[in-house]
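What follows draws every value from the coordinates through simple rules; no lab data is involved. Keep in mind that this is a model prediction, so the values were computed, not measured. Heads up, the Cβs are rebuilt from the backbone with ideal geometry, glycines too, and the neighbour counts pull from every protein chain shown.
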């Protein structure tokens, strides 16, 4: 396992992170609570990740309506592993029925950090992220509330998720101008099939010393090769449980692109998932990738990407192979 520092901070993380969004549910969708990994499966995944040197665990207060944080917390306590793990959680998405049970207001952040600390069974969160922008709350209020948590010792570093380049620059400027805790990390979706964020945020992150972690580097399972034209989606897959973020991929051009990528992977003697993750990992704008295996054995092709060093030319060829199918 390789480790890097996130942006200009002193926070060192493994370049592969374990995504815990399937623990107790499927992401932040209330209707899918209980449809994800149970505690035994979650513990097996966390054990396997720890054994393979993964130190960055990523969850959120809304995953499984708190069930993910609860499982992570119980695992950390039972394994005595708290000091080994860099713990990321998030705040913003709905966690209850009241109108105030969501958002990035100072009140909500103060309330939710306490709930997360209780579930995670810890006295500190290593990296606390705003899960999504909140247009109803001034960004200065959010950044000030985050700074209060850092000063109180409840949070070590703060960051953003699903923010665009303009919003990242604004948050960084607010922090710098006000002497507030800086933006350490941006977490956005990024993969061979979803490359838009690179042009929008990578330059901004570099200018402001913000690390970038990529979620959904396998595009919701599309870059594993398990979705085939003319065949039903596998039971329990993202396309049967949470398809909306990936509906735009349901077209012949995507399947043609996947066929081209599978040929490229076969030429290198690796799985499609390995090649796709290596493409993300070898991007100089990326600090780490977040993977969400459902079984421990699925970690193997993911971690094999660490040994696949793609050159700039090879990365460009893979992009061309995908783009050619859309022309």
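Laid out as a table, the results:
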{"quantity": "Cβ-based exposure ranking for 14, 237, 311, 62, in which fewest neighbours within 10 Å come first", "calculated": "311, 237, 14, 62"}
{"quantity": "Crossing angle, helix 139-151 versus the chain [Cα axis fit, 0-90 degrees, rounded to tens]", "calculated": "70 degrees"}
{"quantity": "Helix axis angle, 39-51 relative to the chain longest principal axis, alpha carbon, degrees", "calculated": "80 degrees"}
{"quantity": "For the stretch 15-138, Kirkwood radius (reciprocal of mean inverse C-alpha pair distance, Å)", "calculated": "14.5 Å"}
{"quantity": "Isotropically averaged projected area of the stretch 173-327, using the convex hull of Cα atoms (one quarter of hull area), nm²", "calculated": "10.6 nm²"}
{"quantity": "Acute angle (nearest 10 degrees) that the helix 196-208 long axis makes with the longest principal axis of the chain, alpha-carbon atoms", "calculated": "50 degrees"}
{"quantity": "Packing-based exposure ordering (other Cβ within 10 Å, fewest first) of 208, 3, 157", "calculated": "3, 208, 157"}
{"quantity": "Expected 222 nm ellipticity per residue - DSSP helices of 4 or more, -39500 (n - 2.57), all of the chain, to 500", "calculated": "-12000 deg cm²/dmol"}
{"quantity": "Ascending count of other beta-carbon atoms within 10 Å, so fewest first, for 227, 63", "calculated": "227, 63"}
{"quantity": "Mean shadow area of the chain over all directions, Cα convex hull, nm²", "calculated": "15.8 nm²"}
{"quantity": "GNM top mover of 29, 54, 125 - the chain, alpha-carbon springs below 10 Å", "calculated": "29"}
{"quantity": "Shape call, the stretch 262-320: gyration tensor on alpha carbons, a/c limit 1.5", "calculated": "oblate"}
{"quantity": "Cα-based equivalent ellipsoid, the stretch 100-203: semi-axes from gyration tensor eigenvalues, Å", "calculated": "23, 16, 13"}
